Amino acid sequence: MKELMEKYFDRLWPINRSLTGEGNRETLKILSEIIDLKISEIPSGTKCFDWNVPPEWNVKEAWIKDSSGKKIIDFKKNNLHLLGYSEKFSGKLNLEELKKHLYTLPEQPEVIPYLTSYYKKRWGFCLSHNQLNDLTGDEYEVCIDSELNDKGSMTMAEAVLEGETDEEILLSTYICHPSMANNELSGPLVTAFIYNELKKKKHRRYTYRILLNPETIGAICYLSLNGKHLKEKLVAGYVITCIGDRGNFTYKKSRRGNSLADRAAEIILKQNEKEYNTEDFFPTGSDERQYCSPGFNLPVGSLMRTRYSKYKEYHTSADNKEFISFEAMEESVQRYLEIINVIEKNQTYINLFPECEPQLGKRDLYPTLGSQKETAEFVNAIMWVLNLSDGENDLIEISMKSSLAFELISNASIALYEKRIIKIKE
């Protein structure tokens, strides 16, 4: 898996993505080789609650030349050089005039910052602070061949894997950043390979909805069109971002704080990771803040590695291929699949023999000779399931209270269910 991930990463890396534009369409076309995407176009100007879909932005070229004609900044060499959504400009400026349109990170002088101006018309370039300091009192020629098209559109994509029920699990990620590895490409790639594994499953209890849209405006637009459906059908969801670096896992809870999504993620982390972080919901960050807005309050959390804003490479040119690990991304896919497995298998049962323990031996659920360790653990799990199957505790809760692995608790419940000792709560 990791080798294939890397191949797709290399193809996606040079593409200039933003809220809109041909780069997003090219990105989704490539990802459609893995995910069965339904791609739609939302016209610029479309009202989405308090927002409007912005004009479509495309760039042919953007550069700055010194007086000798040498390009000292070139969008084609690094698409982070151009301020996102820069309007068209052509002209000659002295250094003092040019500096009004240049952006750096003085505290990180070697990197190019990632900046945008989506909702206010301006133009500009981003460069390292060291490069800025090297500029002399020269005359500079500037060219930005870009277009902001009010009659364009925003490209959005979704895929649905039907399950045995119409209750849904949401996996949402975004495609609006240019060449950044962890804060952009790790999300779509991990999501794509989760989808690929889910598609192979013969039986899916839940229906899975996969979204790949530009951050913020994409989620807002999707909710304006489909929010009522998600409020009715969604049982759990995750925003997948910053999931490719080598850091420990971080789980940011949904606004509800104790949703099925939260509990499933936490039990997998607790039972599989020596070190991990959990954070209560806060109303900034990625698209979870839209899904968890008070008017929707959907059960959507976010499993990341090092959270956005917590690593110095964030939103800079240092968030590159060297910063991420494809082995870590493969492991991230596995963790998400384990969380999904918990949600798929979680049930609340009722013990049909609540007055004392049922006779397990005659049902081949209790060893008749000796006691090996594995058998003893299984019997222990059975006892926990029997005692807590009162219609109040689901399997996640039983696993947490017993400190036994969820899979062991699940297997014990299946054995008891098949012997008609417990039933699923209606």
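The values are calculated or read from the model by the stated rules, or taken from the named source; none is laboratory data. Keep in mind it's a predicted model, so treat the numbers as computed, not measured. Ideal geometry is used to build each Cβ from the backbone, glycine not excepted, and the neighbour counts take in all protein chains shown. Accessible surface is based on the protein model in full, side chains and every heavy atom, while ligands, DNA and RNA are left aside. Shrake-Rupley method; radii C 1.70, N 1.55, O 1.52, S 1.80 Å.
Values for this structure:
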| quantity | calculated |
| --- | --- |
| In region 48-87, the residues that are open to solvent by 50 Å² or more (accessible area, probe 1.4 Å) and without any contact (Cβ under 8 Å) to a residue 60 or more places away in the chain | D50, N52, S68, K70, K71, K76, K77 |
| Strands (runs of 3 or more DSSP E) completely within region 204-253 that count 1 or more residues being out of contact with any Phe, Trp or Tyr (no Cβ under 9 Å at 6 or more places or on another chain), touching a residue at least 12 places away in the same chain (Cβ under 8 Å) and under 18 Å from L337 (Cα atoms) | 207-213 |
| Residue in region 91-101 that is small (G, A, S), within 23 Å of L148 (Cα to Cα), touching a residue at least 60 places away in the same chain (Cβ under 8 Å) and loosely packed, with under 14 Cβ neighbours inside 10 Å present | no |
| So E184, is it in contact (Cβ under 8 Å) with a residue 24 or more places away in the chain, surrounded by 14 or more Cβ atoms within 10 Å (Cβ to Cβ), of a type in the set (D, E, K, R) and in contact with a His (Cβ under 7 Å, 6 or more places away or on another chain) | yes |
| All positions within region 286-310 that are buried (at least 19 other Cβ atoms within 10 Å of the Cβ) and in a loop (DSSP other than H, G, I, E, B) | S286, D287, C292, L298, P299, R305, T306, R307 |
| Residue within region 226-235 that is farther than 30 Å from G45 by Cβ, touching a Lys or Arg at 6+ places or on another chain (Cβ under 7 Å) and not aromatic (F, W, Y) present | no |
| Filter pass, K270 being closer than 22 Å to K38 by Cβ, modelled with pLDDT of 95 or more and surrounded by fewer than 23 Cβ atoms within 10 Å (Cβ to Cβ) | no |
| Pair list, Cβ under 9 Å, 6 or more apart: region 306-324 residue under 11 Å from I112 (Cα atoms), other residue part of a loop (DSSP other than H, G, I, E, B) and open to solvent by 60 Å² or more (accessible area, probe 1.4 Å) | H315/L115; H315/S309; S317/E110; A318/E110; A318/K312 |
